[in-house]
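Student: This is the structure, below, for whatever I ask next.
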Amino acid sequence: MGLGQDGNTLVQMLVLNAVLFVVLKFVFVFFIATGNSRDSFFGHVFNWFVLPANPEKIIWRPWTVISFMFTDQDLFRFISNMFWLWSFGYILQDLTGNRKLIPIYLYGGIAGAFVYVMVHIIAPGFHALADVDFLYGANCSIAAVAVATTVISPDYRIFPMISGGIPLWILTLVFLLLSFAGVNNGDLPTYLAYTAGAGSGFLFIDQLRRGRDGSLWINQFFDWFGNLFNPDKKKKPKNKKDEFHYNVSGTQPYKKIPNITQKRIDEILDKINQQGYRFLSSEEKEILKRAAEEDDL
């Protein structure tokens, strides 16, 4: 899966996280260089990107429900999170194509935000025990991606050269343990937020297996928004059979064409982009192989 592949949402997510992190760091350096204190930076800049526990503040900063999951301040934690996002996101795209990562990422962050704020409403005393009363970082979202990837293919193995490979669930367990270990003692709201993020990943795949794809409306919104800035782009009709479902039906997603045509090859490439290579039938893999051999002649 090339980094420059068209529609590679994993790269888009990594870039978005990295850009915001670098911008905030530059602003922080500017504040310090101009004689301002660290607290001044957090009060005038950083707090406008993190999720406050108090719902009254969220009313005046509604964007923080989204921005907090792309915001971080600690370099080591940021690099660690991006490594885990790349690891699980790469596998998820290989299994499901490019249109599930962003919805799962957003659902995980929103689920974590909801639980975090609800703890403040129901039991505000727990926030008093924590050092901070705001939530930030991609941990909730990555937890959702990790769990969703594991539920899709629990037998998936990495590093196959090591005794047949390491099961994906072990990698997920390591990530979750490290995430929880990085939370300050007594910060129960953050623990619960991470748990909610992981739970949303499980729920997303569970509903997907039941035929309810929670990513459709999000992808349709992004397609609509993208077309506003690219009116010359023709909207490509999509068949429901192109969408990923865990229980694949026995029907063929494409009509059989005796000869190898450019249209047939384009259809197969679109299927790889949407669902992943492993969902190609033996016939489709053979067509790609024959097409590659013809190009070499």
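The values are calculated or read from the model by the stated rules, or taken from the named source; none is laboratory data. Nothing here was measured: the structure is a model prediction, and the numbers come from that model. Because the Cβ atoms are built from the backbone with ideal geometry, glycine has one as well, and the counts that use them run over all protein chains shown. Surface accessibility is based on the protein's heavy atoms, side chains included, excluding ligands, DNA and RNA. Shrake-Rupley method; radii C 1.70, N 1.55, O 1.52, S 1.80 Å.
Student: Simple spin-label model, 7 Å along Cα-to-Cβ: Gln12 to Asn54 in nm?
Tutor: If labels sit at Gln12 and Asn54, their model points lie 3.6 nm apart.
Student: Scan the stretch 31-69 for chymotrypsin sites (Phe, Trp or Tyr not before Pro) in coil per DSSP, keeping those whose Cβ has at most 13 other Cβ atoms within 10 Å, and list them by number.
Tutor: Trp63
Student: Something else: Would you please give the residues with an amide H less than 5 Å from that of Ile158, counting only those at least 5 places away or on a separate chain, with H modeled from the backbone geometry?
Tutor: Correct list: Ile166, Leu168.
Student: How do Leu288, Leu208 rank by accessible surface area computed with a 1.4 Å probe, from largest to smallest?
Tutor: Leu288, Leu208
Student: Let me ask something else. How much length is gained on full extension from Asp94 to Trp217, taking 0.36 nm per residue of separation minus their Cα-Cα distance?
Tutor: In short, 42.1 nm is gained.
Student: For Val183, what accessible surface area do you get with a 1.4 Å probe? Give it in Å², rounded to 10.
Tutor: Probe radius 1.4 Å; accessible area of Val183 about 10 Å².
Student: Summarise the long-distance tail of P(r) for the stretch 5-79 by giving the % of C-alpha pairs beyond 14 Å.
Tutor: So the portion of pairs separated by more than 14 Å is 66 percent.
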